[in-house]
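Structure, as structure tokens:
The values are calculated or read from the model by the stated rules, or taken from the named source; none is laboratory data. The structure presented is a predicted model; accordingly, all values stated were derived computationally and were not measured. All Cβ positions, even for glycine, are placed from backbone atoms using ideal geometry, and neighbour counts span all protein chains on display.
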Amino acid sequence: MAGSNKQTATILSKHERDDIDMWIARFPEDRSQSALLAALRAVMHEDHYISTEKMDAVAEYMDLPKIAVYEVASFYSMYELDEKAAAKNSISVCTNVSCMLNGSDEIVDHIEERLGIKMGESTPDGEFFFKIEEECLAACCGAPMMQLNHVYHENLTKEKVDALLESARKNGTLHKKETS
Amino acid sequence: MSKTNKNAEDNLVTISINDIEHKAKAGSMLIQVADAADIHIPRFCYHNKLTVAANCRMCLVEVEKAPKPLPACATPVMDGMKVWTKSEKALTAQKDTMEFLLINHPLDCPICDQGGECELQDLSMAFGGDSSSFQEIKRVVVDKDIGELVSTEMTRCIQCTRCVRFGEEISGMRELGATGRGDRMEIGTYVEKSLDSELSGNIIDICPVGALTAKPSRYQSRSWEMLQSEGIGSHDSVGSNVRLHTFKNKLVRVIAGDNDSINECWISDRDRFSYQGVYAKDRVKSPMIKKNGIWKEVDWSEALETAATMLQEVNPDSVGVLASPRATVEEQYLLQKLMRGIGVNNIDHRLRQIDFHDQENTDLFPNLGMSIADIENADAVMLIGSNVRKEQPMINHRIRKAALNGAKVYTLNPRELSFNYDVTEQIIASPSEMVTQLTLITKASFTLSKKKIPAGLKDLFKSVRANKSAKAFAENLMNAKNPCVFIGSIAEQLPAYSTLRVLAHVLATNTGANFGFVGGAANTSGAWIAGLVPHRKEAGQAVNEIGKNASEMLNHPKKIYFLLDVELEADADNPQQALAALNQADSVIAVTPYANKKMLSNADVILPSAAYSETSGTFVNIEGTWQSFKAASKSYENARPAWKILRVLGNHLDVKGFDYVSSRDVRDELKELCDKAEDTPKFETTGLFAEHDSVNVKSLQRIGEVGEYVCDSLVRRAKALQDSQPDHQAVQLNTDEIKKLGLAKALSADEQKVQVKQGGVMVEMPLVVNEMIPDGCALLMAGTKSSGLLGSAFGEIVITL
Ligand code: SF4
Ligand code: FES
Ligand code: FES
């Protein structure tokens, strides 16, 4: 038992563990499972994706069955489970009804052309990940829209997209933005 | 909260289903009331032993005043409720649900093992349309390999989550889950992984579609071609009800039967998949005699005559009879009647036991002391020397239910074990220290109860010094309302079994706990009742002359051995000693379904017997329930049911009273003797404490408990089960002990092998690190191939590089 705890400690960073502890403390003792969303978010911030190894470590740290962590991590679109998705910036263009009617397909084509990748891929320089088929993000009145990292951008045009991608490239990583 | 619930439960309400009035418990779900009234409501996700998920929507029914149809599985009944299960509204809803469920279903029934017994197939016959509005491409789910026992075809899954809930609620291991979302949701393990639970096969039975089917029987036959017979599980002492499926007279599949007071609707993987061993390669086709070292097939009369002559020619004192505790009551009773009829008293079935001091003081048979179902109501359970989860999975299931209800569970074992519920405390004591630990606790219980210490115990009590943790332990038992003290198979194998048993009994009496035995094979109880012990005849009646017990028979070799379905290299405590005894014997007569190499080299007459599915008979379980069963198929080739072999052998030997026509006659005779027997023996503890065999172990002590899948001749031949447990053939030590013994080097090598020496024999076997083994001990399971060359299961061993 002790051996595996040591392992968990090295797999999860101190920052991740502190974050998880902080969230666990906010829930009643027998409801600590509720902190799982936050725990996975902590890992996302650190690695930009969640590896199976980290999920297992979270499961052990929080004393949950591994599958309970896999279920949650694979359910929410804000978690990426594929290492390929671990780019500095994550782009999610809504392709649901309202956005589609307002031209999201063209936005998607434009981004694919600009970055030279298809939806679901990352740029070779690790700068951008283009998420596949994002569902309605509840900003239909500003369609077409996209989410760049954690920020909503609405009423998109090709020019607006170009400017956004450019500034993202300059401003560096998601992580920096989050903490600043 | 619980109080109001209780009051509500007593309240009956009146509801009407399809315009007929029914009384129902308030708070129960509509589907339960309908089921009780035999009104069928279609369902997929609902299962009466699992929590309600209400996710399939197949059970929609019309309820008065409700705007939309309601799911019957999740709608509590209310007084005056009016329900229609077959109205137009209900039927439309059910039909529409069916259409949705079939959107992504592959409809590959012709190549699906579930075909013909599929709930989806049945309900689509009743509610399905002949065309679908869904014209798009169906999804496909990639299968994962989840081990040797369960085969997956997840494209067929309808996400009812029965299997997921089973893992969480019944087997206590969440291994399957629903990953992904929406139309991409999949049921699976996410990562490739074998299911680990000893109950995993039950998900095959509860999966309503063909997503989870039995791997070993895959594509063997169609369900409508099979014949079903009721049977009894033969690998533990619970007597789970099973259903045996035969195809062209061959046993091809086993599924769970229902018996709420025994196994509910679950069975262990061992009872489900052991059938594969029935047709093992070394199954014996015809009677055989060995002449000048050469085996020759002969007819039955010649074989029986030869056996009879052998038995007649020697002094009965030099005959040893060893029989399996898995044999039926009928076989056991006839065997002892036959042997005692010719003057043989050396009769035993306790092949793994080495301490027999207290045999006179045993009840009619070692028993649970309560009903299996009652274990659920315990609020404190103490397990002594028992890996109950692996040995008696259905008893463990009841203990788990108790634990989930708040019962505290304590264990005293030679190694740490993994349980599928919270165990309050596990005391780990090397086999030789178990008596000390139990003495401590028992002593503490007397300090607390202030009752008089039984005579003879005083010396033992003096030998230990009270400590706090023992006191806390005893206190917990005393404070419980329904405490149970159980002693198990590991304890039974120990050199100090009788002392442990007496202490456990005294502890139970003193703390007001139920005392019970939770070990044994399918018919250990029957063996005692039938008189298959050297010191008692049938129904616990006294013998004129006490014969030798199993250990004595092998320790002081006999001239003739008569074996009933036993393979001593795996079934006896000390294989080395047992094989040597057979080796030196003049003749060995074996009634057995199988003959492996060892059997062929040691035996002289082989009388092939039917396998468990090929004979009628009776097993008596650990709570004392007699369960009879019929043969599911004909005997293999020229093999015969053992009771018939014994009956004819009785005739050959001119023993009186051997003219039974059916196995029922035999059972009825024994039953009658039992009913007539006036004073059957009761557990007595007086005068036992002094006789305590202590073992002095200088170096390394072996923990030789019997592996889950090696406990008897049938399961040892069940391929899928064997393939799912590779570690059984290894020796396991903790890291410190490995270092101490200088074996660390073996771990870094490609093949991690070490030399294990016991009783002068050296065996090479893999080394596995297991931190749950205490210092000074090595886990080396009994019953395996390599342990068949070694000595006593809990003896001393030496391990070198
Ligand atoms: S695999 Fe079977 S039991 Fe499990 S969710 Fe799918 S249909 Fe239900
Ligand atoms: S459809 Fe794009 S935000 Fe709702
Ligand atoms: S059985 Fe009621 S919703 Fe599934």
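Just need a number here: residues in segment B:181-207 that are charged (D, E, K, R), farther than 30 Å from A:GLU134 by Cβ and within 14 Å of chain A (Cβ to nearest Cβ).
We begin by selecting, within segment B:181-207, every residue charged (D, E, K, R); these are B:181, B:183-184, B:186, B:192-193, B:196, B:198, B:205.
In the following step, the residues that additionally are farther than 30 Å from A:GLU134 by Cβ were identified as B:193, B:196, B:198, B:205.
Now narrow it down to the ones that are within 14 Å of chain A (Cβ to nearest Cβ): B:193, B:196.
Qualifying residue count, segment B:181-207: 2.
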**Request:** Answer yes or no: is there a residue in segment A:138-154 that is modelled with pLDDT under 95, assigned to a loop (DSSP other than H, G, I, E, B), among the polar types (S, T, N, Q) and away from ligand 1 (no atom under 16 Å from the Cβ).
**Result:** yes
**Item:** So A:MET100, is it within 13 Å of ligand 2 (Cβ to nearest atom) and either more than 12 Å from the chain's Cα centre (by Cα) or assigned to a helix (DSSP H, G or I) (or both)
**Value:** yes
**Prompt:** Any residue in segment B:418-431 that is aromatic (Phe, Trp, Tyr) and farther than 18 Å from B:LEU477 by Cα?
**Reply:** yes
**Complete:** Counting only residues that are more than 14 Å from every other protein chain (Cβ to nearest Cβ), more than 10 Å from ligand 1 (Cβ to nearest atom) and within 27 Å of the chain's Cα centre (by Cα), segment B:125-151 contains a total of 5
**Asked** B:THR14: surrounded by fewer than 16 Cβ atoms within 10 Å (Cβ to Cβ), in contact (Cβ under 8 Å) with a residue 24 or more places away in the chain and farther than 23 Å from B:ARG156 by Cβ, yes or no?
**Response** yes
**Prompt:** Restricted to segment B:152-180, and to residues that are among the acidic types (Asp, Glu) and at the interface with chain A (Cβ under 10 Å from one of its Cβ atoms), which residue is farthest from ligand 2 (Cβ to nearest atom)?
**Reply:** B:GLU175
**Test for B:ILE31: is it surrounded by 15 or more Cβ atoms within 10 Å (Cβ to Cβ), part of a loop (DSSP other than H, G, I, E, B) and of a type outside the set (S, T, N, Q)** = no
**Request:** Evaluate segment B:599-611: report whether one residue or more is among the hydroxyl-bearing types (Ser, Thr, Tyr) and free of Cβ contacts under 8 Å to residues at least 12 places away in the same chain.
**Result:** yes
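Please determine whether any residue of segment A:36-44 is assigned to a helix (DSSP H, G or I) and either touching a Gly at 6+ places or on another chain (Cβ under 8 Å) or within 12 Å of chain B (Cβ to nearest Cβ) (or both).
No, every residue in segment A:36-44 fails to be assigned to a helix (DSSP H, G or I) and either touching a Gly at 6+ places or on another chain (Cβ under 8 Å) or within 12 Å of chain B (Cβ to nearest Cβ) (or both).
Can you pull out every residue in segment B:150-168 that is within 21 Å of B:GLU119 (Cβ to Cβ) and away from ligand 3 (no atom under 16 Å from the Cβ)?
The initial filter retains those residues of segment B:150-168 that are within 21 Å of B:GLU119 (Cβ to Cβ), namely B:150-167.
Across segment B:150-168, the qualifying residues are B:VAL150, B:SER151, B:THR152, B:GLU153, B:MET154, B:THR155, B:ARG156, B:GLY167.
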**Complete:** The residue that is farthest from the chain's Cα centre (by Cα), considering only those in segment A:120-139 that are under 12 Å from A:LYS84 (Cα atoms) and either within 15 Å of ligand 2 (Cβ to nearest atom) or among the polar types (S, T, N, Q) (or both), is A:THR123
**Message:** Among the numbered criteria (1) at pLDDT below 95; (2) in a loop (DSSP other than H, G, I, E, B), which one does A:SER167 miss?
**Reply:** (2)
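Please work out if A:ILE111 is modelled with pLDDT of 95 or more, touching a Pro at 6+ places or on another chain (Cβ under 6 Å) and not in a strand (DSSP E or B).
No; evaluated as a whole, the condition is false for this residue.
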**Request:** Report those strands (runs of 3 or more DSSP E) wholly inside segment B:713-801 carrying at least 1 residues which are farther than 23 Å from B:GLN493 by Cα, within 14 Å of another protein chain (Cβ to nearest Cβ) and at pLDDT below 95.
**Result:** B:761-769
**Item:** Selection from segment B:636-665 of residues that are of a type outside the set (Phe, Trp, Tyr), in a loop (DSSP other than H, G, I, E, B) and touching a strand residue (DSSP E or B) at 6+ places or on another chain (Cβ under 8 Å)
**Value:** B:GLU637, B:ASN638, B:ALA639, B:PRO641
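May I ask you to list the residues in segment B:189-210 that are away from ligand 3 (no atom under 16 Å from the Cβ), aliphatic (A, V, I, L, M) and in contact with a helix residue (DSSP H, G or I) (Cβ under 7 Å, 6 or more places away or on another chain)?
The answer is B:VAL191, B:LEU199, B:ILE203.
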**Asked** From B:LYS86, B:LYS95, B:LYS82, B:LYS49, which residue is in contact (Cβ under 8 Å) with a residue 40 or more places away in the chain and either within 16 Å of ligand 1 (Cβ to nearest atom) or under 27 Å from B:ARG165 (Cα atoms) (or both)?
**Response** B:LYS49
**Item:** Selection status of A:ASP109, touching a Ser or Thr at 6+ places or on another chain (Cβ under 9 Å), free of Cβ contacts under 8 Å to residues at least 12 places away in the same chain and either within 16 Å of ligand 3 (Cβ to nearest atom) or more than 22 Å from A:LYS170 (Cα to Cα) (or both)
**Value:** no
**Request:** Mind listing whichever residues of segment A:76-97 are buried (at least 16 other Cβ atoms within 10 Å of the Cβ), within 14 Å of chain B (Cβ to nearest Cβ) and over 10 Å from the mean Cα position of the chain (by Cα)?
**Result:** A:ASN96
**Request:** Considering each residue of segment A:19-74, count those that are on the phi > 0 side of the Ramachandran plot and crowded, with 18+ Cβ neighbours inside 10 Å, and give that number.
**Result:** 1
**Message:** If B:GLY210 satisfies all but one of (1) away from every other protein chain (no Cβ under 12 Å); (2) closer than 19 Å to B:ALA718 by Cβ, what's the number of the condition it fails?
**Reply:** (2)
**Prompt:** How many residues, within segment B:614-635, are surrounded by fewer than 24 Cβ atoms within 10 Å (Cβ to Cβ) and not in a strand (DSSP E or B)?
**Reply:** 10
**Complete:** Considering residues that are exposed (fewer than 14 other Cβ atoms within 10 Å of the Cβ) and under 21 Å from B:CYS45 (Cα atoms), the number found within segment B:182-195 is 3
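When you go through A:GLU127, A:GLU133 one by one, which is the residue that is within 14 Å of another protein chain (Cβ to nearest Cβ) and more than 16 Å from ligand 3 (Cβ to nearest atom)?
Just one listed residue meets the conditions, A:GLU133.
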